[in-house]
């Protein structure tokens, strides 16, 4: 009964989404005020219905209704309740329902917070969001129904894949989805502007906070996923350049570019058509990522073709949304010319470099990820593209990008040589070099090339990010939230860079077989194996090893890596044990028994690993702070405009 | 349908027993270095998107042993890679080789960068030329042409 | 042409590629064998069924044979077994087994229980011959012609259907 209620709720939501799309687009077109007004109840109703549908799905999982195909295939009565709830979105069908549910939340938020915006514009935005919702609901109902019943039902489910039974994984996909779906708002704003044929600086100001919030969720989602892979997959990898990871990275890179180009459009009315294109592309890549991960096309062409109905539907949907938006773009973009100028050395030109380099980085990832697919489709044979390709090629655009962050921080809007900032640029660079040398020579004793470059660039970014806020503090000027957010996000970028560079160049890893009582040394750390014991979990049986770690002979920590056997799925899984710290992470993974009481292990010492997650958290927090800026929440636009320009953020540009 | 979902899950979270190559390191540190490099660039065909260095799959263990023996026997990196490609095809290399069919992949990043530089240069020149006639303040909509 | 049309053009191209991938019949092989059209690698391995004897690949030259990689640990091999028995019965080709990383006793037991489709079974306990053949799992099968050239490879289970529709025509086409 409950699953059927969910099913009906989805069908009704589809009808409401269709009316939302129709009235939202047709209302402003025909100038019908009442049509436009009809969009709002549709939005609210859709949210209620989808919340109900998603609730029904969770109810089915929690109450072990194994007559529902999804529940039978992805849950088990022995599974803890917490994971049963999470199992609701741990599969293709459930995650699609979750996707539209999140879309309905975003849509509701847009409808609620946009009362200062022109009615016709908001109607169009909601209309475009309605079209996306229709597409997803149709796809879900027609090809991937989460409420499909099994005849007869199963007595018990086949359990959730053991690797998915983890806290990090229960929140990582939702975060990503909230981010993905969030970019649909920027996309809808872009489409509405194109439908209207009007795009000004105010438009950019409306779009900025929505984009930043979506970006924040995406950043958090990626960091969580990487963190999860790091400790759950058991071999210490945090980024494998796996097609799935790449598909998530691409919208993030484009979203980052969009945030920066929106700033230019907001401040100077420049890069308008480019901003539009980025908004379309960022969302397109979110769509591609959702479908590709879920359809398995990135794993192999064949799984995509295995279910042609889904493939054709996805393709048709992409053609309609992305193709439609790009067609509008061909028509409208040429009208968006700006006569604004800027100097060679200006904030605008640095943000231009930022955008070009980020798009190149996206293109590199795209090319590498899709190459095996293209080769296969074109009959050129099979090939693989992995980390050994991405690591060096991704650096090509990213190293200059990191280098330009620092210089760009000192640039001013519109015009001006770096002249007066030269001392600061050189000063901060010198400081970064000194700090970097101290770190490298003093602590690392390093001789590699990439390490020092990365470390110095990272520290330079951190140092220069602080210059402007400190300057304002010194002069007693309030720091607007957007500047604070930007500063924090840039520091986060520096911290991530520092963490990754240090870790990649200074990590020690050893695979070894140890008998109880034996130990192995990794640098100044020694790992001693003291024996194994059997432990039982709720739905697994495990062997747990005890490993004592010492640093220069002094006790440091004790690690308990496990090897779990999940009973229902008959799957063995290594559960790594982590000793975390600000200086380094220690990691032990238990392998197999190799005879005579000896076990195989993988031990790792990963310096500054924490900084990768910490930096990502700073970036997200920066994004959050930036959206709190007063400029985005003002009611009377024009009048307050100038006042704000004198006090708030534009000081940055006006500083002489 | 379930199969696709399972594939997706496998792709996302390629499960199974990970890691660990309990064989002792090679006596010659240079050979050990090359051995590690090589196994990190070979793909475990039995797994999803993992190197043979990072999985305990039977296939990966056999490949590691083969690489180890070939390195010990003084074979060069290219010889080891060719040996693998002869038997498994290009798909086993995570780092595509330089060939006519793959050239675009290796050249693309450089071409993108040059193209990007060209575009940036054009825009910068255009905008600098416009600077003289642009009287708008920062934060203000400049007159449209 | 309008430069603002370039994104649409690129997207259209991508759609075409996706469309083509949908059209194409799903290929079963993830790794296309690098060995097709090449001489089957030689091996000389212990015989599973006769203690002390060896199985040499050279023995089979001059006739069509199907080299089947299997192991008792492999679940799918059980599903394939009946087809192999039928193929042996058909008499078109000899079926040669390559027992891959297995336990000898378990393997013999398997053949006693399920019947023996193999003319000979070579034991590859360490998986070295398997590497020469580019094997990465079981079951895998290689169809070798009288000249000793591999003409076809199957990754996964041979079904009566795939045998009839792809492999038999290969054999008949040449031997006619």
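With semi-axes defined as the square roots of five times the eigenvalues of the C-alpha gyration tensor, the equivalent ellipsoid of segment A:435-572 measures 43, 23, 14 Å, largest first.
Direction-averaged projected area, Cα convex hull, segment A:364-417: 5.6 nm², rounded to one decimal. Once C-alpha pairs closer than 8 Å and six or more residues apart are averaged by separation and normalised to the residue number of chain A, the relative contact order reads 12 percent. How big is D, in µm² s⁻¹, for segment C:51-145 by Stokes-Einstein at 20 °C and 1.002 mPa s if Rh is the Kirkwood radius over C-alpha pairs? Diffusion coefficient, whole number: 160 µm²/s.
The translational diffusion coefficient of segment A:307-423, from Stokes-Einstein at 4 °C and 1.567 mPa s with a Kirkwood hydrodynamic radius over alpha carbon pairs, comes to 71 µm²/s.
Contact order for segment A:59-125, expressed relative to its length and based on alpha carbon pairs under 8 Å spaced 6+ residues apart, stands at 21 percent.
In chain C, the longest principal axis of the Cα atoms and the axis of helix C:104-114 are about 80 degrees apart. Take the Cα of residue B:101, go 7 Å toward its beta carbon, and the backbone nitrogen atoms of segment A:369-406 under 20 Å from that spot belong to A:369-390.
Residues within the reach of a label modelled at residue A:422 (point 7 angstrom out along Cα to beta-carbon, backbone nitrogen below 20 Å), restricted to segment B:100-141: there are none. Across segment A:60-124, the volume of the C-alpha convex hull divided among the residues equals 96 Å³ per residue. Using only Cα atoms, locate the centre of segment A:75-136 and the centre of segment A:565-626, then give the distance between them in Å, rounded to an integer. Answer, in whole Å: 32. Extension gain, residue A:156-residue A:533: 0.36 nm per intervening residue step, less the Cα-Cα distance, totals 132.7 nm.
Taking the number of Cβ atoms within 10 Å of each Cβ as an exposure proxy, the fewest-first ranking of A:575, A:504 is A:504, A:575. Spacing of the modelled spin labels on residue A:4 and residue B:122, each 7 Å from Cα toward Cβ, amounts to 6.3 nm. Just so you know, the Rg over Rh for chain C is 1.14, from Cα atoms, with Rh as the Kirkwood radius. The calculated Kirkwood hydrodynamic radius for segment A:565-605 is 12.0 Å, given to one decimal from all distinct C-alpha pairs. Taking Cα atoms only, the orientation of helix C:6-23 departs from the longest principal axis of chain C by about 30 degrees.
Here the protein assembly as shown is treated as a sphere whose radius is the Kirkwood value from Cα pairs; by Stokes-Einstein at 25 °C and 0.890 mPa s it diffuses with a coefficient of 80 µm²/s. Given a cut-off of 14 Å, what percent of all Cα-Cα pairs of segment A:552-621 lie beyond it? Roughly 70 percent, once rounded to a whole number.
Normalising the average separation of contacting C-alpha pairs (under 8 angstrom, six or more residues apart) by the number of residues puts the relative contact order of segment C:86-176 at 21 percent. Entry for segment A:77-188 at q = 0.14 Å⁻¹: log10 I(q)/I(0) = -0.68, Debye formula applied to identical alpha-carbon scatterers, no solvent contribution.
Distance distribution P(r), segment A:202-259, all Cα-Cα pairs, bin width 10 angstrom from 0: 22, 43, 23, 10, 2 percent. Across segment A:108-245, Cα-Cα pairs farther apart than 28 Å form 40% of the total. Helix content alone sets the calculated 222 nm mean residue ellipticity of the protein assembly as shown: runs of n ≥ 4 DSSP H residues at -39500 (n - 2.57) each, divided across all residues, give -19000 deg cm²/dmol.
Per the Debye calculation on segment B:49-145 with a single equal scatterer at every Cα and no solvent contribution, log₁₀ I(q)/I(0) for q = 0.15 Å⁻¹ amounts to -0.78.
Throughout, read-outs are computed from the coordinates displayed, never taken from laboratory work. All values derive from a computational prediction rather than experimental measurement. Positions of Cβ are generated from backbone atoms using ideal geometry, with glycine treated the same way; all protein chains shown enter the neighbour counts.
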